[in-house]
Structure formats: structure tokens, C-alpha cells
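Asker: Supplied in C-alpha cells, the structure appears directly below.
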Amino acid sequence: MSGSYDESAGADDTMDSFWEVGNYKRAVKRVDDGHRLCNDLMGCLQERAKIEKAYGDQLTAWSKRWRQLIEKGPQYGSVERAWLAVMTEAEKVSELHQEVKNNLLNEDVEKVKNWQKEAYHKQMIGGFKEAKEADEGFKKAQKPWAKKLKEMEAAKKTYHMACKEEKLAAAREANGKTEASVTPDQQKKLHEKVDKCKQDTQKAKEKYEKSLDELNKCTPQYMESMEQVFDQCQQHEVKRLTFLKEALLDIKRHLNLTEGQSYVTIYRELERTIQAISTQEDLRWFSNNHGPGMPMNWPVFEEYNPDQAAAPPKKKKPDGAPPTPSTDHVAPPGDRSSVSSYDKNQAYSTEWSDDEQPTSYSGNENGGNRNSFEDDSSTGKGVRVRALYDYDGQEQDELTFKAGDEFTKTEDEDEQGWCRGRLDSGQEGLYPANYVEAI
């Protein structure tokens, strides 16, 4: 809008202008909006923090479940280590996302909250001090001009009404001249009416022009005063926008995991473990532990000893074997040929971040109802047995008991003469089948 009030400007161009009376309210409202936007930003960050926590929790649950399944499954050697490294990656990434959550809540949200408290001061009667000061400043700056504007509008209305009356009087006079019924005296009066209307119109015009001139003279001061108050509002907004830029940069830094050295290290270690997979090493290990490379206690002639029953030969476990599974069912405790009872009896569930449930992949032919790492063996409810002789376990996975002790046999004798059992103390392990009898 120009420095003077331009009546010729179209109403559509000026009716929504800042300079119109009362339109400064939008600048005042921006103060209230700024406070509300701080609340919105904090709410936004709190929701994101929940998402980060949920994702981290899902990664942890997924990693824990699959780590158990892999460790109990048939994979071995360097490939197993690489597979488990993927679970380690998930656990470390989960920690990073939990860290993101903590940073969002403890740093970013708190930073916005503290700035909001310092920038906006609530009044006892409601509203904010900054908004009230701006509103009062605009009112004071606009009041003189608004008064002159009101006087000018009244003068304009009077002038326009006078013009209308003059036009009507002129029309009546013109009609009177053409009508025979109008007497000369009446025509004279009509003419006098026209002259009077012209005089009134001229007076109204002069008053209107004077009022407009006074308004135009007042306008520069009005604009200067309004701009001063508006500049104060702008300064407050500069602080808000500058703060938000800094806050959003901090948020970006907390969200961007790729900028952190920890994130880079996670995937460097994962790649190193995968690249370390050695086919020949894994094949050699399997041959030495489950193939032709295994040692064998070949049968030798033994004299009969009636004083002590001989324990059956036990399948010897290779020295230095890594924690890898065995594919037969005669392995001692610690062998991972089947999934634990936890996995068999408890359904795994977690909240996923979307509506689709993860696809279940299974290698069996039962429609995927069991884990592919479960074997087909089944254990009975157990049979109570009594020891006939003392036996001292030679390895950690063997039971130790005295003659006369009673315990539970949990698996039947295998082809090498060993059974699995559970002492009343809860310890489980292997023992020679011919050292006990059923009760």
C-alpha cells in the first residue's frame, strides 16, 4: 500500500492489508502461534522417541530369538560366527536407537521447553506478556489514523449522498419541463432545489477533500509508528526462527546415525566377520569332529572283571571343538541338535512397526508350524531308575551318583550304551545305561 490512503485502489487490493484497521491482529497472533508451535515440536519429538524405542526393542527381541535358534541349529564354524555377527549388529544398532531416543527426550525436548519458558511469559489474566505488549503498541500507533479514517469515511458518505440528491433534483427538474401539468412556480422551485443540492454537494466535496487531505498528512506518521511496533514483533520472531534452526540441526545430528563413528564401526566389524568366512576351515572342522577325521576307540581284548561293571564306551568329544551343533541324537548335553523347550513351548511375539506380520520361513513340510532347527526326537515323561553302582562323571556333561540313588531317566539308551537323566537336584547329563535299573 502506498504512503497515502488511495481511494481509487480497489477494495479487493486493500481490504486484507496489514494497514487496514485491526489487521495487525495477525502479527499479534504470531506470538501465540510461536508458543503453540513449541508445544507441537516437543510433541513431535516425543512421538519420534517412542518410535526409536519401539524399533530398538524389536531389534533386541529379534536378535535374542535368532541368536538362540542359530546357536541351537546345525550351522557351524565361520559361517555361524558371521550369521551371529548379524545379531550382534542388531543389538548394537538397537543401542544406538535407544541413544537417539534419550537424546531426543533429554536434550532436544528439554532445550525447546527451556527456551519456550524464557521466550514467552504467561500473565495471570491469561495470554502472554509479549502478545499484550504488541497489541497495545499497535492500538496506540493506529488510534490517531483510525480516527481520521473514520472522519474521512463519514465525509465521503455525506458527499456521495449529496451527489445522489443533486442527481435526483436535476432529474425532477428535467421531467417538470416536459410535463404540462407542472406550473411555472413549481418549475421554479425545482430549479431552486437543484441549485441548493449543487451547493450542498460542493460543501460536502470540500469537507471530504479536506478530511482526506488530513488523513494523508497523518498517514506517514501512522506508518512509521506501526512499523516500529512491527519491527519489535519481528525481532521476537527472529529469535524464535534462529532458535528453531539450531534446534533442528541438533535433532538432525541426533537422528543421523551415519555421522557417528560407532555406526561406521558396527558395519566395518560385521563386514570383517563375513569376509573371514573360510569354506576350507569349516569343512576341515566338520571332518575332524563329525567325519573321518574323528578319533576312534577301536575295540581291544579285555579280561573279564567280575568286581566292577564296565561302563560302555562313550562317544568322545573332540578337544577344542567350537560351540557348534551335532547332527546325531546321541550327543551329550551341550550339543545343539534340537531347539530348547523354551522355543518349543512358548510362542514368540513382538509388536511390529507396521500392520504386516513378518513372513515365516520354514524348511519342514508341516506348513512352518515348527522351527526348522527342531529335530524329530521326542522325550517321554521320564522313568524313575535306581543306581546299582557308584559312578563318577568323567566329563562335565556326565552325572555323578552313588549306588542306591534314585533319579529320572529322560532319554532311552543310545547305540553306544548311554542314557540321559535328571537328578532330583535338577542337574541333567549322561550316564551308563548298565549302571542303573528301572524302579
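Asker: If amide H atoms are built 1.01 Å from N in the plane of the peptide, which residues on other chains or at least 5 residues away come under 5 Å of the amide H of VAL436?
Answerer: The answer is LEU388.
Asker: Just to confirm my numbers, what's the Cα centroid distance between region 151-227 and region 389-439 in Å?
Answerer: 123
Asker: Ranked highest first by the average count of other Cβ atoms within 10 Å around their residues, in what order do 271-284, 204-217 fall?
Answerer: 204-217, 271-284
Asker: I would also like to ask the following. What FRET efficiency, computed as 1/(1 + (r/R0)^6) with R0 = 45 Å and r the Cβ-Cβ distance, is obtained for LYS129 and GLU259, rounded to the nearest 0.05?
Answerer: Approximately 0.70, to the nearest 0.05.
Asker: What lysines sit close enough to LYS198 to cross-link, taking a C-alpha to C-alpha distance under 28 Å and skipping anything fewer than 8 places away on the same chain?
Answerer: Filter leaves LYS148, LYS150, LYS156, LYS157, LYS164, LYS167, LYS177, LYS188, LYS189, LYS207, LYS210.
Asker: I need the calculated FRET efficiency for the pair GLN234 and LYS150, taking r as the beta carbon distance and R₀ as 51 Å, to the nearest 0.05.
Answerer: With R0 = 51 Å, the Cβ-Cβ based efficiency is 0.95.
Asker: Once ligands and nucleic acids are excluded and a 1.4 Å probe is used, how much of TYR267 is accessible, expressed in Å² to the nearest 10?
Answerer: Rounded to the nearest 10, the figure is 80 Å².
Asker: Oh, and also: Relative contact order, percent, of region 129-225 when contacts are C-alpha pairs under 8 Å separated by at least 6 residues?
Answerer: 47
Asker: Right, here's the next one. Given +1 on the Cβ of Lys and Arg, -1 on the Cβ of Asp and Glu, and no further charges, what dipole in debye does region 129-225 carry about its Cα centre, rounded to the nearest 20?
Answerer: Dipole of region 129-225, to the nearest 20 debye: 140 debye.
Asker: Sorted by mean Cβ packing within 10 Å, highest first, what order do the peptides 429-436, 43-50 take?
Answerer: The peptides rank, most packed first, as 429-436, 43-50.
Asker: Using only Cα atoms, what is the ratio of the radius of gyration of region 143-281 to 2.2 N^0.38 Å?
Answerer: Cα-based Rg divided by the globular estimate yields 2.78.
Asker: Report the charge-dipole magnitude of region 380-439 in Debye, nearest 20, computed about the Cα centre from +1 at each Lys and Arg Cβ and -1 at each Asp and Glu Cβ.
Answerer: Dipole size: approximately 340 debye.
The values are calculated or read from the model by the stated rules, or taken from the named source; none is laboratory data. As the structure is a computational prediction, the values presented were derived from the model and not from experiment. Every residue, glycine among them, receives a Cβ derived from its backbone with ideal geometry; neighbour counts consider all protein chains shown. Surface areas here come from the heavy atoms of the whole protein model, side chains and all, with no ligands, DNA or RNA. Shrake-Rupley method; radii C 1.70, N 1.55, O 1.52, S 1.80 Å.
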